[in-house]
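Since the structure comes first, as structure tokens, the remarks are kept for the end.
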Amino acid sequence: MQGMGTIRLGRRAVMYTVETVPKGKNRVLGTIQIMTGFIHISFGIILSTLTSVYTSFFVSGEIPFLGGASYIVSGCLSIGAEKSPTECAVKGSQAMNIISAIFASLGILTFIVDLSINGPFYSEDNHHYSLVMTGNRIAIVLLTFTILEFCIASATAYFWCQATRSDSNEAILIEPNTIRTDAEIPSIESSANYPPNSNDVSYDLKVETV
């Protein structure tokens, strides 16, 4: 005789605990990312007004605006993921920080190219020369903040990657959706009525010598 078993099907919802998401860390890093994003956009607008005399691949590639926007979004998602560390928020913050690290690496490369082109510039026109030197100073300032953003974005993405892989620190919530009762599970009484299988019986052989 066989008994009827009940199987509950549910949706796996992960909520990361306090041990996985330390308070205050991502809030500070996210605030720095937001400030860095606004600085990139502001100085990018200034550099765009100097493109007539200052050659900048950083501005022509729209990196200060796209990168600045990604830095702001990454900072907001990092702060939001700390307040509500759900699986969707954590993975969204991780993805945006990876994108921000890519933009920061592109910014570093373009700044090196811009400084190598405009660095040895010299002109007898003082006004022209001063504009180019102003562009170089802005590029150096933005290069510093870009390196800082690259470090923060990489560290935050690595931190979230470690958090998502830490299965021991996850609080898993099972939300039942449906109930199935068509699964047949053998009962204890039925298994007791059947003799044991021959594979499960062991024989002890004793050899006597005369």
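The values are calculated or read from the model by the stated rules, or taken from the named source; none is laboratory data. Everything numeric here is computed off the predicted structure, so don't read it as measured data. As a convention, Cβ positions derive from the backbone with ideal geometry for all residues, glycine included, and neighbour counts pool all protein chains shown. Side chains are part of the model used for accessible areas, which takes the heavy atoms of the whole protein and leaves out ligands, DNA and RNA. Shrake-Rupley method; radii C 1.70, N 1.55, O 1.52, S 1.80 Å.
Within segment 55-96, the set of residues being without any contact (Cβ under 8 Å) to a residue 12 or more places away in the chain, under 30 Å from ASP114 (Cα atoms) and within 13 Å of the chain's Cα centre (by Cα) comprises ALA95 only.
Modelled with pLDDT of 90 or more and either open to solvent by 30 Å² or more (accessible area, probe 1.4 Å) or touching a strand residue (DSSP E or B) at 6+ places or on another chain (Cβ under 8 Å) (or both): does that describe LEU173? Considered against the rule, which asks whether it is modelled with pLDDT of 90 or more and either open to solvent by 30 Å² or more (accessible area, probe 1.4 Å) or touching a strand residue (DSSP E or B) at 6+ places or on another chain (Cβ under 8 Å) (or both), LEU173 comes out as no.
Can you say whether GLU149 is in a helix (DSSP H, G or I), acidic (Asp, Glu) and out of contact with any Pro (no Cβ under 9 Å at 6 or more places or on another chain), as far as the supplied structure shows? In short, yes. When each of ARG27, ARG12 is tested for being of a type outside the set (A, V, I, L, M, F, W, C), modelled with pLDDT of 75 or more and open to solvent by 60 Å² or more (accessible area, probe 1.4 Å), the lone residue that passes is ARG27.
Filtering segment 66-123 to residues that are open to solvent by 40 Å² or more (accessible area, probe 1.4 Å) and among the acidic types (Asp, Glu) leaves only GLU87.
Candidates SER74, SER116, SER105, SER70: the one that is part of a helix (DSSP H, G or I), within 20 Å of THR164 (Cα to Cα) and of a type in the set (Ser, Thr, Tyr) is SER74. Of the numbered criteria (1) over 19 Å from ILE32 (Cβ atoms); (2) within 22 Å of the chain's Cα centre (by Cα), the one ALA139 fails is (2).
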